[in-house]
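For reference, the structure is listed below as structure tokens.
The values are calculated or read from the model by the stated rules, or taken from the named source; none is laboratory data. As the structure is a prediction and not an experimental result, all values here were calculated from the model. All Cβ positions, even for glycine, are placed from backbone atoms using ideal geometry, and neighbour counts span all protein chains on display. Side chains included, ligands, DNA and RNA excluded: accessible areas come from the protein's heavy atoms. Shrake-Rupley method; radii C 1.70, N 1.55, O 1.52, S 1.80 Å.
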Amino acid sequence: MELTKEQRDMLEGKKGNAVKKSMSILVALGEIYGAKRLIPVTSVQISGVSYDNLGDAGLEFLDEMAKDGKTRVKTTLNPAGMDMENWKALGIDPEFARKQKLVIEAFKKMGVEATCTCTPYFIGNKPNVGDHIAWGESSAVTYSNSVLGAKTNKEGGPSTIASSLTGFTAEYGFHLDKNRQAHFVAEVRAKVDNPMLFGALGQVIGKQAKGRIPLITGIKKATTEDLKALSASIVTYGSAPLFHIEWITPNKTSVPKEKIVIEQEDIDKAVKEMNDTEDVEFVFLGCPHCSIGELEKISKILEGKKVKKELWIGVARPVKRMADEKGYSKMIEKSGAKFACDTCHVVAPLKGRFHSIATNSAKGIFYGRGKNNFKTVFRTLEECIRLAVGE
Ligand code: F3S
């Protein structure tokens, strides 16, 4: 791989140990994937933030990198294993909390913005069309590639840190336009008009994509929240972290010959498959983390009601602050529902604490089953809240 003088200096350790280690990660990746060069990135989203996933070995690696590593581009974090302020109310073990705080301290020492969210595009880490970036969390990667039109591979934790500390990534995969063309058309002939159904659509297309890129046709309208849900689901169930929607997403693609058709019965079947109990113990909304619009909606539905089941709302802390100012948080908390800022039902250590979950997220269903052995109920946001209040 051809390196510039600046990049060679980094690799030789002239800019410190953390940069040296970072550059060797990027060069190794570039060589594995046949990259010709390293290119600058404008934004990084670091994955692998929960102590539940990192463990002590991960924490040691971060401490080592934080000794002399400093971020060179805007960098935010994926959700952590707990709400960094409100962890006690969410029932997190104090020893886990101590370790999770050490993880965040290490990132802060590197200069990372310690906002832990899978929707960095709601809090100012929003790349422009065509920007090369290095993001880690799969729904955010898919949203940025598809909806924002930025260019990123689905990076692992160490490579996102390496990009943050050097400002570069290896040019391969989705950084190259030739790899961003659709492989098949997915024609939607079903009614898909809310985030839950966009999640179901993602499950249907994802399962048939087998790692390829779809061009989705037949969708007339999609909100930010719909596209957020689709981004999370489609990649979880098997698609590449990039899709195109005719007339809606910014990327241009040629139209492939292969076509699949999605009928109403396919969506209905997907919804049915994601329900395997009626008995709900725990309700989670905000997978991916809620927009301010979703918080407004939740607050209006919860106004004057009391929850009977544990209801958590996943959100980036700055979006929660906006909700505080608008009065939505007060209405939500008055009902007994809890904000889960900085975290979510998948990265928090919840295994064994609940046996079943209701959510409007198809991704949440997948990981709720896979990681936490939850029985699942898949409903719209409104229906999930009704279940939480016992209506
Ligand atoms: Fe975000 Fe957690 Fe869902 S990271 S996409 S809320 S599984």
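Select from segment 333-348 the residues that are over 16 Å from Ser361 (Cα atoms) and of a type in the set (Ser, Thr, Tyr) and list them in ascending order. Matches in segment 333-348: Ser335 only.
Restricting attention to segment 288-316 and to residues that are within 14 Å of the ligand (Cβ to nearest atom) and out of contact with any helix residue (DSSP H, G or I) (no Cβ under 8 Å at 6 or more places or on another chain), the residue that is nearest to Lys126 (Cα to Cα) turns out to be Gly314. So, in segment 130-149, exactly how many residues are touching a helix residue (DSSP H, G or I) at 6+ places or on another chain (Cβ under 7 Å) and not polar (S, T, N, Q)? Residues in segment 130-149 being touching a helix residue (DSSP H, G or I) at 6+ places or on another chain (Cβ under 7 Å) and not polar (S, T, N, Q): 9 in total. Applying the condition of being within 16 Å of the ligand (Cβ to nearest atom) and not in a helix (DSSP H, G or I) to segment 153-190 and asking which residue is surrounded by the fewest Cβ atoms within 10 Å (Cβ to Cβ) yields Gly156.
Figure legend. Inter-residue proximity from segment 364-381: first residues farther than 15 Å from Ser233 by Cβ, second residues open to solvent by 60 Å² or more (accessible area, probe 1.4 Å), beta-carbon distance below 6 Å, spacing 6+ or different chains. Indicated pairs: Asn372/Lys351; Lys375/Asp276.
Would you check which residues across segment 338-391 are of a type in the set (Gly, Ala, Ser), more than 18 Å from the chain's Cα centre (by Cα) and either within 16 Å of the ligand (Cβ to nearest atom) or at pLDDT 90 or above (or both) and list them? Those that are of a type in the set (Gly, Ala, Ser), more than 18 Å from the chain's Cα centre (by Cα) and either within 16 Å of the ligand (Cβ to nearest atom) or at pLDDT 90 or above (or both): Ser356, Ala358, Ala388, Gly390. Residue count for segment 28-69 under the criterion of being without any contact (Cβ under 8 Å) to a residue 24 or more places away in the chain and open to solvent by less than 10 Å² (accessible area, probe 1.4 Å): the result is 0. Scanning segment 108-121 for residues that are at pLDDT 95 or above and within 16 Å of the ligand (Cβ to nearest atom) returns Cys116, Thr117, Cys118, Thr119, Pro120, Tyr121.
Quick one: is Glu105 over 13 Å from the mean Cα position of the chain (by Cα) and acidic (Asp, Glu)?
Details: over 13 Å from the mean Cα position of the chain (by Cα): yes; acidic (Asp, Glu): yes.
Criteria met by Glu105.
Over 23 Å from Val141 (Cβ atoms), part of a helix (DSSP H, G or I) and not β-branched (Val, Ile, Thr): which single residue out of Lys220, Lys269 fits that description?
Numbers: Lys220 fails: part of a helix (DSSP H, G or I).
Unique residue meeting the criteria: Lys269.
Just a yes or no: is a residue in segment 202-214 farther than 27 Å from Lys371 by Cα and crowded, with 21+ Cβ neighbours inside 10 Å? Checked segment 202-214: at least one residue is farther than 27 Å from Lys371 by Cα and crowded, with 21+ Cβ neighbours inside 10 Å. Can you pull out every residue in segment 1-27 that is open to solvent by 50 Å² or more (accessible area, probe 1.4 Å) and either under 16 Å from Ser163 (Cβ atoms) or touching a Ser or Thr at 6+ places or on another chain (Cβ under 7 Å) (or both)? Answer for segment 1-27, where residues must be open to solvent by 50 Å² or more (accessible area, probe 1.4 Å) and either under 16 Å from Ser163 (Cβ atoms) or touching a Ser or Thr at 6+ places or on another chain (Cβ under 7 Å) (or both): Met1, Thr4, Glu6, Leu11, Lys15, Lys20, Lys21, Ser24.
Within segment 122-151, the set of residues being within 16 Å of the ligand (Cβ to nearest atom), surrounded by 20 or more Cβ atoms within 10 Å (Cβ to Cβ) and in a loop (DSSP other than H, G, I, E, B) comprises Asn125, Gly136, Glu137.
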